[in-house]
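A short write-up of the structure that comes next.
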Amino acid sequence: MFPLQIHPLSPNLFPTYKIMCGYIFDPIQNPCLDIVFQISGEHPTFNKKDGKEQTHHGNWGLWEFNVFEVFLKPNFTQSNRNKQNSKYQPYFEYELGFNQEYLCLNFHSYREGGSSPLDCPIISSSKNSLASNIFQYKMSIKLPQFEMKVDSWSGNFYSILGQGGDRTYWGQNLERNKLDFHLASQFLPLHLNNK
């Protein structure tokens with residue numbers, strides 16, 4: 001597992017908790033990305049509780065609450081990219097709330113699109129308490145399929161916790177001067193079986 005870093009523009013720069021993340025990625029053996037987020041320490045409980053856990057369409061704005069986020073971007077060969085519209089740079093956003101709510105969004109370029117697929121590819125999620133102040137949240141995401149060959153995948157892992165002056169923003173790789181999780185320049189290559 002690797003630590004998520006707190007963003008320097010977070011209102012609360014001295015939280016009483018830390019967040020770790022890990023994933024298992026082997027698209028040839030398993031068409032899913034399995035992710036675990038782990039929080040240790042006293043953390044805020046600012047959760048969405050409106051009974052809409054069963055459908056991701058009802059969870060627009062989930063990012064306003066405690067949430068984990070995963071952004072994934074397929075990387076195509078240049079020859080395949082030339083066959084498509086050069087502005088087509090798809091990426092995907094997956095959100096998991098602390099009460100197992102989820103939201104899935106498809107983008108065709110930077111912040112363009114933002115549509116919810118009919119079937120959300122988050123195929124499972126769970127929450128486990130490992131100790132008195134250590135919690136693990138897991139999710140499994142079915143990777144999107146394309147007609148073009150995907151050479152590799154890149155992405156980033158984020159979390160948002162708290163509200164108001166206690167709000168914190170976390171990420172694996174962050175643009176220090178801008179609070180924007182959609183920046184593909186901050187996405188890192190996904191490595192096989194990173195734990």
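The values are calculated or read from the model by the stated rules, or taken from the named source; none is laboratory data. Note that this is a predicted model, so its numbers are computed, not measured. Virtual Cβ from ideal backbone geometry, glycine too; neighbours counted across all protein chains shown.
When residues in the range 1-25 are screened for being among the hydroxyl-bearing types (Ser, Thr, Tyr) and more than 13 Å from Gly41 (Cβ to Cβ), 2 of them pass.
Among the numbered conditions (1) closer than 24 Å to Lys149 by Cα; (2) at pLDDT 75 or above; (3) in a loop (DSSP other than H, G, I, E, B); (4) not hydrophobic (A, V, I, L, M, F, W, C), the only one that Glu93 does not meet is (3). On the given criteria, is Leu161 buried (at least 18 other Cβ atoms within 10 Å of the Cβ) and not aromatic (Phe, Trp, Tyr)? So Leu161 fits the description; yes. Selection of the range 100-114 for residues being assigned to a strand (DSSP E or B) and under 16 Å from the mean Cα position of the chain (by Cα) yields Tyr102, Leu103, Cys104, Leu105, Asn106, Phe107.
Exactly one residue among Ser152, Ser125 is over 17 Å from the mean Cα position of the chain (by Cα) and surrounded by 12 or more Cβ atoms within 10 Å (Cβ to Cβ), and that residue is Ser152.
Of all residues in the range 167-195, those being in contact with an Asp or Glu (Cβ under 9 Å, 6 or more places away or on another chain) and part of a helix (DSSP H, G or I) number 2. Pairing residues of the range 168-195 that are in contact (Cβ under 8 Å) with a residue 12 or more places away in the chain and surrounded by fewer than 14 Cβ atoms within 10 Å (Cβ to Cβ) with residues that are among the β-branched types (Val, Ile, Thr) and not in a loop (DSSP other than H, G, I, E, B), at Cβ distances under 6 Å and at least 6 apart in sequence or on separate chains, gives Asn193/Ile24.
Between Leu174, Leu188, Leu130, which is under 17 Å from the mean Cα position of the chain (by Cα) and under 25 Å from Phe65 (Cβ atoms)? After ruling out the rest, the residue left standing is Leu174. Tallying residues that are closer than 28 Å to Tyr88 by Cα and either aliphatic (A, V, I, L, M) or at pLDDT 95 or above (or both) within the range 128-153 yields 5. Residues being surrounded by 15 or more Cβ atoms within 10 Å (Cβ to Cβ) and touching a His at 6+ places or on another chain (Cβ under 6 Å) are entirely absent from the range 94-101. If the condition is being surrounded by fewer than 13 Cβ atoms within 10 Å (Cβ to Cβ) and either of a type in the set (Ser, Thr, Tyr) or under 12 Å from Asp34 (Cα atoms) (or both), then the range 109-122 contributes only Ser115. Scanning the range 150-166 for residues that are touching a strand residue (DSSP E or B) at 6+ places or on another chain (Cβ under 7 Å) and either free of Cβ contacts under 8 Å to residues at least 24 places away in the same chain or assigned to a loop (DSSP other than H, G, I, E, B) (or both) turns up just one, Gly162. As a summary of the residue check, Glu69 satisfies the conditions (1) surrounded by fewer than 17 Cβ atoms within 10 Å (Cβ to Cβ); (2) modelled with pLDDT of 80 or more except for the one numbered (1). Restricting the first member to the range 118-143 and to residues that are in a strand (DSSP E or B), and the second to residues that are acidic (Asp, Glu), the beta-carbon pairs closer than 7 Å and six or more apart or on different chains are Ser140/Asp34.
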